[in-house]
Ligand SMILES: NC(=O)c1ccc[n+]([C@@H]2O[C@H](COP(=O)([O-])OP(=O)(O)OC[C@H]3O[C@@H](n4cnc5c(N)ncnc54)[C@H](OP(=O)(O)O)[C@@H]3O)[C@@H](O)[C@H]2O)c1
Ligand SMILES: NC(=O)c1ccc[n+]([C@@H]2O[C@H](COP(=O)([O-])OP(=O)(O)OC[C@H]3O[C@@H](n4cnc5c(N)ncnc54)[C@H](OP(=O)(O)O)[C@@H]3O)[C@@H](O)[C@H]2O)c1
């Protein structure tokens, strides 16, 4: 194995993403050693049993010797955690995060800047519907995009740090891309935040129908509904923070979504089959593009049929 | 192998569902022989090459000797096809269908009634996002629900026919349930029709955003969007017919969906994190119910991670 990218890394927040980074960094030799801290006693105790690295009793213990500190907490917790971390970090160390929103996350991190650390926000486009330290696995980032939103107008030392962080994520199997935080938030609003909001919403709607029973919704969910329940099973705290912190871009997408839905609704009401055909036809080409880009499995039903679980219309 | 349930079956419409029934009926010995007809010359030619059964040149040839005729065409095509089939069917034979909407489908079939055949509408809650004769496979119905909507006030001969059709679908691996057509349409509006409409709509919305490029949407679709593209890849003709023929129930669900979405939108605009938490939290319990009911795979990301395809928030 070649030399690790970082001698020592520290992970704050030992949930799905934090524990996956710990596992991957060790498995792929990207870090010489890993220390972890989590605010929750329970999570720390569980993390100790999972052999993820050196679980410390305090945040200071985790971050003080680290060359790179990775904050893996919900976006709403980033500002105080960044402040606490920076107070104990050694000069020249890198501070990054994995928050799903980047404008607010970058502001939270930068507000903690003491001039001695190098702040480079980031976001892996990788995850699952589960959370907690047990949910993580080392291959989570393999083949996934990792977006860095480095600060503008920085020096050569900063540029070197961005390169090192890029090398780290590359070692974990990710494809790294840099982007402006505002652009990141607009892109993710439509590719991730709106889909999650819609999924949460349809699940609520289904369970508030008086004319259909809950048991029936579950029983006949193979008609399409169950795919939405997967997305809607994601961590509530994480998603609350995403929506509170990417308000503008999400509301913009939501406005357009509702407008487009009103047009479909009108076509259904007036029996305009041509309009429905036109709208439904172009969606097929987009599925093909997603599969061709390697962003999804081309197997029907995500390959679910092999497990005897069926889909239907 | 025990005796077949039907000596001879005929399938009209040799697409995903029709060809899957043909394959399953032969594979599980549920029919002694299978004949198939499709209006499309091209589909008939392709079906011949697939060894699905006896592909006939006319609808009359397919149905005249059949003990059970299964119409597997889009719902909008059912009325004329049922009329044509009944004109050539032998007395006492069963006429059924697989249409995703049942009130209109039942009316279409019953309007063809000549008093000599037994009409029992049906709908398998099984399918994939693909279509055409090549897309079918014999295990499609294994473990899936099949809903029959028998007519009320019929005699013992009719009841026997319902039992035989139940045995046929059971032999194909399905769990059979009977239901009133209007109830079927209300249940499926929320578990299938609305989810598909929403999926079609979000795909349209994403590709009409001027602020985000198509390539970016595809590239970062692992954030959630790609699951919607799968559902939205379903056959446009089939879905146009579903929406045109289940207007009332779909519009009712859609109205509630929009109302609920407006509440989430308001909570985002005003930063009401408690409301968001409450809504997002209950969705988790519903995912668990779907998995416990055997209606989906409990594997994270539908088990997609094994293929190196990743998900993310
Ligand atoms: N899940 C995804 O699909 C995904 C994908 C990409 C990025 N992300 C981002 O990754 C971050 C973490 O998400 P996750 O899915 O890993 O969530 P998770 O499994 O719930 O883990 C988050 C962990 O952070 C802990 N924590 C909360 N506040 C803290 C604080 N002040 N100090 C230290 N630890 C604290 C939590 O403890 P408690 O349980 O006690 O609160 C929890 O153990 C979020 O910013 C999210 O936006 C998630
Ligand atoms: N796909 C699902 O997930 C699913 C699930 C449950 C139930 N269903 C129901 O199953 C039925 C068929 O759907 P599918 O997915 O199998 O569609 P499909 O793969 O497109 O097959 C339908 C076939 O019917 C043919 N056809 C159309 N009009 C006809 C006519 N007048 N006479 C004879 N053949 C005709 C079509 O030919 P052309 O291609 O030339 O039009 C096509 O080959 C629909 O009623 C649908 O609601 C579908």
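The values are calculated or read from the model by the stated rules, or taken from the named source; none is laboratory data. Just so it is clear, the structure is predicted and the values come from calculations on it, not from any experiment. In this analysis, Cβ positions are derived from the backbone assuming ideal geometry, glycine residues included, and neighbour counts consider all displayed protein chains.
Overview of results
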quantity	calculated
Those residues of the stretch B:227-247 which are assigned to a helix (DSSP H, G or I) and in contact (Cβ under 8 Å) with a residue 60 or more places away in the chain, in sequence order	B:230, B:231, B:237, B:238, B:240, B:241, B:242, B:244, B:245
Residue match in the stretch A:188-203 (condition: modelled with pLDDT of 95 or more, away from ligand 1 (no atom under 15 Å from the Cβ) and within 26 Å of residue A:108 (Cα to Cα))	yes
Filter result for the condition that a residue is surrounded by fewer than 24 Cβ atoms within 10 Å (Cβ to Cβ), over 15 Å from the mean Cα position of the chain (by Cα) and closer than 21 Å to residue A:77 by Cα, over A:150, A:138	A:150
Residue among A:193, A:184 that alone is in contact with a strand residue (DSSP E or B) (Cβ under 7 Å, 6 or more places away or on another chain), more than 7 Å from chain B (Cβ to nearest Cβ) and surrounded by 19 or more Cβ atoms within 10 Å (Cβ to Cβ)	A:184
Qualifying residue in the stretch A:128-146 (condition: more than 11 Å from ligand 1 (Cβ to nearest atom) and either farther than 21 Å from residue A:19 by Cα or not assigned by TED's automatic domain parsing to the domain that holds residue A:14 (or both))	no
Selected residue (only one of B:81, B:162 is within 15 Å of ligand 2 (Cβ to nearest atom) and either in contact with a helix residue (DSSP H, G or I) (Cβ under 7 Å, 6 or more places away or on another chain) or touching a residue at least 24 places away in the same chain (Cβ under 8 Å) (or both))	B:81
Of all residues making up the stretch A:79-102, the number that are away from ligand 1 (no atom under 11 Å from the Cβ) and either under 15 Å from residue A:184 (Cβ atoms) or not assigned by TED's automatic domain parsing to the domain that holds residue A:37 (or both)	1
Scan of the stretch B:221-241 for residues that are more than 7 Å from chain A (Cβ to nearest Cβ) and either on the phi > 0 side of the Ramachandran plot or touching a helix residue (DSSP H, G or I) at 6+ places or on another chain (Cβ under 6 Å) (or both), ordered by number	B:241
Residue ID - farthest from residue A:250 (Cα to Cα), chosen from residues in the stretch B:295-313 that are within 16 Å of ligand 1 (Cβ to nearest atom) and either surrounded by fewer than 22 Cβ atoms within 10 Å (Cβ to Cβ) or modelled with pLDDT of 75 or more (or both)	B:299
Complete set of residues in the stretch B:263-287 that are more than 8 Å from chain A (Cβ to nearest Cβ), assigned to a helix (DSSP H, G or I) and out of contact with any helix residue (DSSP H, G or I) (no Cβ under 6 Å at 6 or more places or on another chain)	B:263, B:266, B:274, B:278, B:285
Hey, residue A:10 crowded, with 24+ Cβ neighbours inside 10 Å and either part of a strand (DSSP E or B) or more than 9 Å from ligand 1 (Cβ to nearest atom) (or both) or not	yes
Conditions (1) in contact with a strand residue (DSSP E or B) (Cβ under 7 Å, 6 or more places away or on another chain); (2) within 18 Å of residue B:84 (Cβ to Cβ): number failed by residue B:43	(1)
Unique match (being more than 14 Å from ligand 2 (Cβ to nearest atom) and outside the structural domain of residue B:189 (by TED's automatic domain parsing)) among B:14, B:24, B:116, B:105	B:116
Candidates A:211, A:205 - the one that is within 7 Å of chain B (Cβ to nearest Cβ) and either in contact with a strand residue (DSSP E or B) (Cβ under 7 Å, 6 or more places away or on another chain) or within 19 Å of residue B:177 (Cα to Cα) (or both)	A:211
Restricting the stretch A:44-78 to residues that are over 18 Å from the mean Cα position of the chain (by Cα) and within 10 Å of ligand 1 (Cβ to nearest atom), the residue that is nearest to residue A:33 (Cα to Cα)	A:62
Number of the condition not met by residue A:292 [criteria: (1) at pLDDT below 95; (2) over 22 Å from the mean Cα position of the chain (by Cα); (3) at the interface with chain B (Cβ under 8 Å from one of its Cβ atoms)]	(3)
Any hit, the stretch B:249-257, residues being out of contact with any strand residue (DSSP E or B) (no Cβ under 6 Å at 6 or more places or on another chain) and not in a helix (DSSP H, G or I)	no
